[in-house]
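Trainee: The following block contains the structure, expressed as structure tokens.
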Amino acid sequence: MEWSAPGYTEIKQLGTGASGRVTLAVHDETGVKVAIKYLSEGLLRDPAALGRFQAEARLLTTLRDPNIATMWEYVQDAGGAAIVMELVNGVSLRALLRENGATEPEAALVVLKGSLLGLARAHDLGLVHRDYKPENVIVRDDGVSKLVDFGIAVRQGTPTHPEGTPPYMAPELWEGLPASPATDVYAATAVFFECLTGHRPYRSTEPSVLGYQHVHAPVPFHDAPQPVRELVRRGLAKDPARRPASAHAFVAELEAMARAAYGEDWEERGKRRLAALVALLALLLPTAPTPVPEVTTSLARTVFRGLRSNVARMAMAGAVAVATAVAVVVVLANRQSPPTEELGAAAAVPPSQFTTEPAADPPATPEQTPETTPEVTPKATPASTPKAVVPIKTPVKTPAKTPVKTPVKTPVSTPTVTKPVKTPKPTKKATPTPTPKRTPTPRP
């Protein structure tokens, strides 16, 4: 069993290397998830390695920046040593480049800006990272990047042996000169170049040849997109004095160039691009991304489903009503006209009565039920009146509503039923014009 920091429960291992391993754990008292960096058991008995591990912990206690992973605690006893750090729920920039190749310029600029801001915080304290590389940049699921692993960081100007990752080491490190903030700017620009092109500035696998390229080979800034070539050329300058004076100064140049070339919203678009790339590697995240709540979606679906059903019901009801009205109109239109003697009393009523008052329609035939007439009369009267009643051109002004008292079930042929219709006195002036009998045309 490997030693684990007391007070923490290990969940899974996130990575391993020659110097140790990194695990995902939970603080037992608070339940907060953290990342724990363990020193390997072999190096634990090496005083120099242990001293360097302790120096990294002391250095991290002074670094508090949004672009640097925060250290929470240093734990050491007879069983081992560990640095408890903030858990950055993201994937390494190396994983993004390996899986997706070159990123878009805006995304590369976002990574460079975040890295430079983290390095600037260290530079303000007189520290040099010396090991900036894609493996030490963690990109979160929201597109924000954080800098990790200050294991070989030193004080500015301290003479030491050349250390770092060869593809990103500045020329002065190959020549054995002290590290400076310009050393970190060089490494950050080399990573920026790799994000833009998908490959490193110098790609030799032979250390001696690679060192010669960093010191003497021309800067391959022509491989980068045209708007950012000047940034690459300045950041990879062979002479440290010709590089930006500090990380802060380089950030200012970067922002001015990005706004001019890609617009004011370049940073938001770059973060969205990085977040999309991280989402493609969701299985590599330390913790699963929080699922998007589906309450709103489910509610919307329920509402729309209800609306569709209600609309369907309304449409069906409307269709049935229209079909019924059409059927009644057809029946009324096809109904044979009554004999002339039966229309005698009805013809005495002016046509305006039928138009304004639906109740004054001609009496229903015995086959038609009394209940049907008042329902279909408002819509069927305008179309059926001219066909059922002989038009009489007699301008008589009568009240709109004439009470007609007609028994419900009285045969139409009974003259005594139609005569009692109460017609106002002005109707006496109207002389009905005798109309010849019209033979109705049978319709199918």
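Trainee: Of these, Ala170, Ala182, Ala153, Ala187, which one is small (Gly, Ala, Ser) and in contact with a strand residue (DSSP E or B) (Cβ under 8 Å, 6 or more places away or on another chain)?
Mentor: Just a single option satisfies the conditions, and that option is Ala153.
Trainee: Now for a different question. Would you mention how many residues in segment 203-238 are outside any helix (DSSP H, G or I) and touching a residue at least 60 places away in the same chain (Cβ under 8 Å)?
Mentor: Adding up the residues that qualify gives 2.
Trainee: Mind listing whichever residues of segment 238-253 are small (Gly, Ala, Ser) and surrounded by 16 or more Cβ atoms within 10 Å (Cβ to Cβ)?
Mentor: Within segment 238-253, Ser246, Ala247 meet the criteria.
Trainee: On to the next question. Restricting to segment 120-162, and then to whatever is surrounded by fewer than 20 Cβ atoms within 10 Å (Cβ to Cβ) and among the hydroxyl-bearing types (Ser, Thr, Tyr), can you tell me which residue is nearest to Ala245 (Cα to Cα)?
Mentor: It comes out as Thr158.
Trainee: Exactly one condition in (1) under 18 Å from Glu163 (Cα atoms); (2) surrounded by fewer than 18 Cβ atoms within 10 Å (Cβ to Cβ) is not met by Val26; state its number.
Mentor: (1)
Trainee: Also, I was wondering about something else. Considering every residue within segment 188-199, establish whether at least one is in a helix (DSSP H, G or I) and farther than 20 Å from Ser115 by Cα.
Mentor: No, segment 188-199 contains no residue that is in a helix (DSSP H, G or I) and farther than 20 Å from Ser115 by Cα.
Trainee: Could you give every pair whose Cβ atoms fall below 6 Å, whose first residue belongs to segment 152-179 and is assigned by TED's automatic domain parsing to the domain that holds Arg234 and over 15 Å from His214 (Cα atoms), and whose second residue is modelled with pLDDT of 85 or more and surrounded by fewer than 15 Cβ atoms within 10 Å (Cβ to Cβ), counting only separations of at least 6 or pairs across chains?
Mentor: Taking only residues 6 or more apart or on different chains, the pairs are Arg155/Gly126; Gln156/Gly126.
Trainee: Would it be correct to say that Gly164 is at pLDDT below 90, closer than 21 Å to Pro220 by Cβ and of a type outside the set (A, V, I, L, M, F, W, C)?
Mentor: Yes.
Trainee: Right, Ala279: part of a helix (DSSP H, G or I), touching a Leu at 6+ places or on another chain (Cβ under 9 Å) and within 18 Å of Leu93 (Cα to Cα) or not? Steps first, please.
Mentor: Working: part of a helix (DSSP H, G or I): yes; touching a Leu at 6+ places or on another chain (Cβ under 9 Å): no; within 18 Å of Leu93 (Cα to Cα): yes.
In short, no.
Trainee: While we're on this one: Given the conditions (1) buried (at least 17 other Cβ atoms within 10 Å of the Cβ); (2) at pLDDT 90 or above; (3) on the phi > 0 side of the Ramachandran plot, which single one is not true for Gly20?
Mentor: Here Gly20 clears every test but (2).
Trainee: Looking only at segment 50-85, filter to residues that are of a type in the set (Gly, Ala, Ser) and buried (at least 17 other Cβ atoms within 10 Å of the Cβ); which one of those is nearest to Gly151 (Cα to Cα)?
Mentor: Result: Ala57.
Trainee: Further question on the same structure: Mind telling me which of the residues Glu230, Glu206 ends up being over 20 Å from Leu116 (Cβ atoms) and surrounded by fewer than 14 Cβ atoms within 10 Å (Cβ to Cβ)?
Mentor: Numbers: Glu230 fails: over 20 Å from Leu116 (Cβ atoms).
When all the criteria are applied, what remains is Glu206.
Trainee: Exactly one of (1) at pLDDT 90 or above; (2) touching a Pro at 6+ places or on another chain (Cβ under 8 Å) is unmet by Gln156. Its number?
Mentor: Unmet condition: (1).
Trainee: Another question about this same structure. Kindly establish whether Val75 is at pLDDT 90 or above, touching a strand residue (DSSP E or B) at 6+ places or on another chain (Cβ under 9 Å) and not assigned by TED's automatic domain parsing to the domain that holds Pro166.
Mentor: yes
The values are calculated or read from the model by the stated rules, or taken from the named source; none is laboratory data. Just so it is clear, the structure is predicted and the values come from calculations on it, not from any experiment. All Cβ positions, even for glycine, are placed from backbone atoms using ideal geometry, and neighbour counts span all protein chains on display.
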